[in-house]
Amino acid sequence: MSLNGAITDVAGIRVGHAQNEEALTGCTVILCPEGAVGGVDQRGGAPGTRETDLLRPMHLVEHVHAIVLAGGSAFGLDAASGVMRYLEERKIGFDTRVARVPIVPAAILFDLALGDANLRPDAEMGYQACLAASTESPAEGNAGAGTGATVGKVLGMGQAMKSGLGTASMEIGGGVIVGAIVAVNCFGDVVDPAHGEIIAGARSAEIGPLRIGAPGYFADTQSVMTSLIGRTTIGFATRENTIIGVVATNARLDKAETNKVAQMAQDGLARAIRPAHTMLDGDTLFALATGKRRAEVNIVGAFAAEVTAQAILRAVRSAQPAGGLPGLAKET
């Protein structure tokens, strides 16, 4: 099976971006107009979410019609209203008999410290993202919810790096596909699980002319946290963080199993981010199951972690410099 390496390889999934490149913020919509069983797993101490409780088992609604990922901190949750308008115009939603109510969970990241903090994703931006949605491979790096994303902020924004949004997919047998899309805006560093080395993160105070990745370039967030400066300043570290994303599969899963996939996908985040799930992050991963292929939930969940890690690596490797911060896309 030929794949494009994107979450849109899962039939029934469309992705659209909208962003303000001057303000360095944006949103990404993952549309599933035919409906998909939804799940969520939220970790970290600083989440910003909408409509996540209804995704949990024992709650009424089984299917969702879109997921919104946005910058703008809590202001960015307004983008979901535009997505609801788009879906309502097309008579897509949960049938309450008096109206069809689109089910649109959302999560945000904090990007207000880069670009213009007075301009945030809103309902109109969410609507425009829907108009742009397609089954083509979505843009990566400085696009959509990744437009203002950064990584490695233990020493403040001045020594952080530009990050972005990434996507990945794989076929795991029997025609079952698992894909992920992730906006990477973490407090910690991004590491390649293949060798455990930092590829993007907090930069040393004195880097001089060093090229990204050269010895001494990275401060190593966990090393800083154990140093005197880390122990005395960690409580004041920048709070402009959070990783948000979606894993999708064409597997046939119930609501409890879909939530399990979201939970297992967080393992991919932990493999590629060091440290992950801190009190300064609001890490949230959604899961969507379109129900086309029979599959075993443990297998789907195991590979959901794999594609999540891959999407994180692609997010930083595709990131262009912006807001005075370096990005890997210009260096490699």
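Residue check: is GLY301 in contact with a helix residue (DSSP H, G or I) (Cβ under 7 Å, 6 or more places away or on another chain) and not aliphatic (A, V, I, L, M)? Judged against the criteria, GLY301 is a match.
Let's see how each residue does on (1) assigned to a loop (DSSP other than H, G, I, E, B); (2) of a type in the set (D, E, K, R); (3) crowded, with 21+ Cβ neighbours inside 10 Å; (4) more than 14 Å from the chain's Cα centre (by Cα):
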site	(1), (2), (3), (4)
ASP281	yes, yes, yes, no
ALA289	no, no, yes, yes
ALA295	yes, no, yes, yes
VAL300	no, no, yes, yes
ALA309	no, no, yes, no
LEU313	no, no, yes, no
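Please find, among ALA202, ALA180, ALA133, the residue that is at pLDDT below 95, open to solvent by less than 20 Å² (accessible area, probe 1.4 Å) and touching a strand residue (DSSP E or B) at 6+ places or on another chain (Cβ under 8 Å). From the options ALA202, ALA180, ALA133, the qualifying one is ALA202.
Residue pairs whose Cβ atoms lie under 8 Å apart, separated by 6 or more positions or on different chains, with the first residue in the stretch 153-165 and surrounded by fewer than 24 Cβ atoms within 10 Å (Cβ to Cβ) and hydrophobic (A, V, I, L, M, F, W, C) and the second at pLDDT below 95 and assigned to a helix (DSSP H, G or I), are LEU155/VAL224.
When residues in the stretch 88-111 are screened for being surrounded by fewer than 21 Cβ atoms within 10 Å (Cβ to Cβ) and either of a type outside the set (Phe, Trp, Tyr) or modelled with pLDDT of 95 or more (or both), 13 of them pass. Take the conditions (1) surrounded by fewer than 24 Cβ atoms within 10 Å (Cβ to Cβ); (2) under 14 Å from VAL190 (Cα atoms); (3) of a type in the set (S, T, N, Q); (4) at pLDDT below 95; SER318 misses just one of them, which is (4). Figure legend. Inter-residue proximity from the stretch 84-98: first residues touching a residue at least 12 places away in the same chain (Cβ under 8 Å), second residues open to solvent by 80 Å² or more (accessible area, probe 1.4 Å), beta-carbon distance below 7 Å, spacing 6+ or different chains. Indicated pairs: GLU88/ARG100; ILE92/ARG100; GLY93/ARG100; PHE94/ARG100.
Looking across the stretch 51-71 at every residue that is in a helix (DSSP H, G or I) and open to solvent by 20 Å² or more (accessible area, probe 1.4 Å), the one that is farthest from PHE94 (Cα to Cα) is identified as ASP53.
Close Cβ contacts (under 7 Å, 6 or more residues apart or on different chains) running from residues in the stretch 27-45 that are under 15 Å from THR135 (Cα atoms) to residues that are surrounded by fewer than 24 Cβ atoms within 10 Å (Cβ to Cβ) and β-branched (Val, Ile, Thr) comprise CYS32/THR290; PRO33/ILE92. Scanning the stretch 11-50 for residues that are open to solvent by 50 Å² or more (accessible area, probe 1.4 Å), part of a loop (DSSP other than H, G, I, E, B) and either over 28 Å from THR278 (Cα atoms) or of a type in the set (S, T, N, Q) (or both) returns ALA11, GLU21, GLU22.
Looking across the stretch 250-275 at every residue that is surrounded by 21 or more Cβ atoms within 10 Å (Cβ to Cβ) and small (Gly, Ala, Ser), the one that is farthest from the chain's Cα centre (by Cα) is identified as ALA251. Tell me which residues, restricted to the stretch 84-122, are of a type in the set (A, V, I, L, M), under 17 Å from GLY144 (Cβ atoms) and outside any strand (DSSP E or B). Matches in the stretch 84-122: VAL104, LEU109, LEU112, LEU114, LEU119.
The values are calculated or read from the model by the stated rules, or taken from the named source; none is laboratory data. What you are looking at is a predicted structure, and each value in this text was computed from that prediction instead of being measured. Virtual Cβ from ideal backbone geometry, glycine too; neighbours counted across all protein chains shown. Quick note on the areas: whole protein, heavy atoms, side chains included, nothing else; ligands and nucleic acids left out. Shrake-Rupley method; radii C 1.70, N 1.55, O 1.52, S 1.80 Å.
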